[in-house]
């Protein structure tokens, strides 16, 4: 089979090296999406960003174990209760393992993650209207929301929050707003 004159066939094109998405103009060692675990499917942020949920799950597992040990569960419900307890324990172990994995990723190059966080803070600070503009009502909130969604500022804020939580730093983006 021959192609059009002057054009090489698809088979004749040399293989191009796939471009690594992680190295596309980024100064940090990886992408914050590495922090998502297998149980975070569809979640806005990784599970370690919600420490209250993990504490609640730990408390629930402790209470279920205590109920089982003290004999508060009837014989008819014991098998179902044990299966539920096992499921919750596996989830808790998975969450703890993911948190440890995130800390290992951060510890490999903590300085680069701090630089990336500082860079994101600067972007957010510049893109967010000042307190003074908001007080004097110079800003249209609907236009700002649309700009945030279309301009990708929402994704930048999410990245800032996730990296901040992984580093153990303050993650509130409202503190970045200018005066």
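The values are calculated or read from the model by the stated rules, or taken from the named source; none is laboratory data. Everything numeric here is computed off the predicted structure, so don't read it as measured data. Cβ atoms come from the backbone with ideal geometry, glycine included; neighbour counts cover every protein chain shown.
Just one of (1) modelled with pLDDT of 90 or more; (2) closer than 27 Å to residue 55 by Cα; (3) within 19 Å of the chain's Cα centre (by Cα) fails for residue 171. It is (1). Filtered by the rule that a residue be without any contact (Cβ under 8 Å) to a residue 40 or more places away in the chain and surrounded by 13 or more Cβ atoms within 10 Å (Cβ to Cβ), region 41-63 gives 50, 57, 58, 60, 61. Of the residues examined, residue 11 is one that is modelled with pLDDT under 90 and more than 22 Å from residue 119 (Cα to Cα). When region 92-101 is examined, which residues are found to be free of Cβ contacts under 8 Å to residues at least 60 places away in the same chain and touching a helix residue (DSSP H, G or I) at 6+ places or on another chain (Cβ under 7 Å)? If the condition is that a residue be free of Cβ contacts under 8 Å to residues at least 60 places away in the same chain and touching a helix residue (DSSP H, G or I) at 6+ places or on another chain (Cβ under 7 Å), then 92, 95, 99 are the ones that fit.
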